[in-house]
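The values are calculated or read from the model by the stated rules, or taken from the named source; none is laboratory data. In this text, all values refer to a predicted model and were calculated from it rather than measured experimentally. With ideal geometry, Cβ positions are generated from the backbone for all residues, glycine too; neighbour counts draw on all protein chains shown.
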Amino acid sequence: MITRERNLLQPTSIEKQGNWGMILHSRRSLGETAVRQPDLGGTILAAVLFTAIAGCNTPPPSGSADPATESDLPADEVILQSVLDQAESQDICDGFYQPEVAAESQVYRLGDRALVELQCATAAYQSVFAYVAVQPDGTLQPLTLDVFYPDQAGQFERSSEATVGGTTSFDPETSLLTVFSKSRGLGDCGSLAEYRWTGSELELATFRYQECSDSPGELVDPADYPQIYP
C-alpha cells in the first residue's frame with residue numbers, strides 16, 4: 001500500500017487562503033485610503049497562491065493510471081451474480097455446470113477488471129473450474145487455459161480448454177494462478193500448471209507433468225514433476 005505523507009512545514013492551500021485573508025483584513029484595519037500605489041508584493045503573492053491551487057487540480061498526465069478506475073467496478077457479489085446468471089446461457093463451464101457448488105466461486109479485482117474463478121462442478125477428488133474476465137463495462141469474457149496432453153507415442157500436444165480440473169490457488173500480488181490436476185485419486189501423478197494474468201488473459205507460464213505408474217511408489221512433489229513447458 002502506498003502511503004503519501006504531507007510535509008508539515010508546507011502549508012496547505014486552505015492554510016494559504018486563511019493567511020491571505022488575514023493579510024487583507026490587516027491592511028483594511030490600518031485605514032488605508034482608497035487611492036494607493038499598486039502593491040506588487042501582494043500581486044506576486046496572489047499569483048503564487050493561484051498557481052499552487054491550480055496545481056492541486058491539475059489532471060493526471062495522459063496514460064497514467066486513474067486511482068478511481070477500480071471503484072468503477074460493482075461489488076464482488078454483483079460481479080459474481082452476473083457471471084452465475086450467464087453461466088448456463090453462455091455454457092461457460094462447457095457442460096459441467098452445477099449451480100449448487102457455483103456459490104463457492106471467487107472474484108479477484110485486478111485494476112479496472114475482475115477475474116472470476118467459477119467453480120463449475122465437484123468430482124470425486126477435485127473440482128472443475130472456468131475463468132471469466134469482467135471488463136470495465138461489465139462485459140464477460142470467458143477465458144481458455146492451455147494445457148498439454150501426451151499422445152499414444154508419448155509426445156505432448158498443446159490444447160486450449162474452457163475448463164480445468166484440479167486444485168487451484170491465485171495470488172493477486174503476483175497475478176499467478178496455479179493449478180494442480182490429479183490424474184487419479186492417489187495424487188501421485190498428473191500436472192502442475194502456472195498461468196499469469198496479463199490484463200486480458202491467463203497466459204501459460206510453466207507446465208509440468210508426471211506420468212502415472214502401474215506400481216505407485218513414493219509421492220513426488222508436483223513442483224518436482226518433469227517440466228514440459230517452456
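Worth pointing out:
- Test: residue in region 125-140 that is closer than 24 Å to Thr163 by Cα, loosely packed, with under 15 Cβ neighbours inside 10 Å and at pLDDT 95 or above: no
- Only one of Ser89, Ser105 that is in the same structural domain as Phe129 (by TED's automatic domain parsing), at pLDDT 90 or above, on the phi < 0 side of the Ramachandran plot and in contact with a Phe, Trp or Tyr (Cβ under 9 Å, 6 or more places away or on another chain): Ser105
- Pairs, first closer than 29 Å to Leu84 by Cα in region 142-160, second surrounded by fewer than 12 Cβ atoms within 10 Å (Cβ to Cβ) and at pLDDT below 95, C-beta under 6 Å, six or more apart: none
- Looking across region 190-206 at every residue that is in a loop (DSSP other than H, G, I, E, B) and modelled with pLDDT of 95 or more, the one that is farthest from Tyr131 (Cα to Cα) is identified as Thr198.
- Selected residue (criterion: surrounded by the most Cβ atoms within 10 Å (Cβ to Cβ)) from residues of region 207-230 that are among the acidic types (Asp, Glu) and assigned to a loop (DSSP other than H, G, I, E, B): Glu211
- Tally, over region 153-173, of residues that are surrounded by 13 or more Cβ atoms within 10 Å (Cβ to Cβ) and part of a strand (DSSP E or B): 8
- Some residue of region 174-191 being closer than 18 Å to Ile79 by Cβ and surrounded by 14 or more Cβ atoms within 10 Å (Cβ to Cβ): yes
- Taking first residues from region 165-181 that are in the same structural domain as Gly199 (by TED's automatic domain parsing) and partners that are surrounded by 11 or more Cβ atoms within 10 Å (Cβ to Cβ) and at pLDDT below 95, no Cβ contact under 6 Å between residues at least 6 apart in sequence or on separate chains turns up.
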